[in-house]
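Each remark here refers to the structure printed beneath this line.
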Amino acid sequence: MNPGKYVVFALDGERFGLPIERVERILPAQSVTRIPKTSRELLGVFDLRGSTLPVVDTRALLEFEEGERGCFVVVLADDRRIALTADRVDCIANFEAKEIEFSEELGTYVGKQADRLTLLSTPEEMIPQLLLERAIPA
């Protein structure tokens, strides 16, 4: 994982970071139209200025309990625009190389600042490839 700026969002009390260059915008949670016969991780779609965007339920994706969706984080993943649900966006944090380490136990990168840990990933690492390919057409 590269050092740099990350958009840090909260989900069920945990912190997650995505590279800032992969985050297009942050929106308040919107009304979503469900799509029949899709996986529970695909919450549905919503209209953003004439474009239909899929919404991935990040809580379901990461197997967290259901909860309030405070905002959508619109990301670019495999040349697709996708909204991820989040409780809230906390900040934009700058992680230096010495603050990032790979956790073998978790299989992911962890950013450490002060006494706070942030799981760092890209949208493609967070969203399973099968979901990107089948449920969210290019």
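The values are calculated or read from the model by the stated rules, or taken from the named source; none is laboratory data. Just so we're clear, the structure is a prediction, and the values are computed from it rather than from any experiment. Here Cβ is always computed from backbone atoms with ideal geometry, including for glycine, and neighbour counts include all displayed protein chains.
Inspect all residues belonging to region 69-86 and state whether any of them is of a type outside the set (A, V, I, L, M, F, W, C) and closer than 16 Å to LYS5 by Cα. No, there is no match, as no residue in region 69-86 is of a type outside the set (A, V, I, L, M, F, W, C) and closer than 16 Å to LYS5 by Cα. Scanning region 85-108 for residues that are at pLDDT below 95 and of a type in the set (A, V, I, L, M) returns a single hit, LEU106.
Residues that are acidic (Asp, Glu) and under 21 Å from LEU119 (Cβ atoms) within region 14-63 comprise GLU14, GLU21, GLU24, GLU41, ASP57, GLU63, listed in sequence order.
To keep it simple, each residue is scored yes or no on (1) buried (at least 19 other Cβ atoms within 10 Å of the Cβ); (2) among the acidic types (Asp, Glu); (3) closer than 19 Å to ALA10 by Cα.
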{"site": "ARG40", "(1), (2), (3)": "no, no, no"}
{"site": "ARG49", "(1), (2), (3)": "no, no, no"}
{"site": "ARG59", "(1), (2), (3)": "yes, no, yes"}
{"site": "LEU62", "(1), (2), (3)": "no, no, yes"}
{"site": "ALA77", "(1), (2), (3)": "yes, no, no"}
{"site": "ARG80", "(1), (2), (3)": "no, no, no"}
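Considering only residues in region 1-34 that are in contact with a Gly (Cβ under 6 Å, 6 or more places away or on another chain) and free of Cβ contacts under 8 Å to residues at least 24 places away in the same chain, the one that is nearest to LEU76 (Cα to Cα) turns out to be VAL32.
Mind listing whichever residues of region 36-61 are touching a residue at least 12 places away in the same chain (Cβ under 8 Å), in a loop (DSSP other than H, G, I, E, B) and not hydroxyl-bearing (Ser, Thr, Tyr)? Outline the logic, then answer.
Of the residues in region 36-61, the ones touching a residue at least 12 places away in the same chain (Cβ under 8 Å) are 38-46, 48, 51, 53-61.
Narrowing the set further to residues that are in a loop (DSSP other than H, G, I, E, B) leaves 38-41, 57.
ARG40, GLU41, ASP57, listed by residue number.
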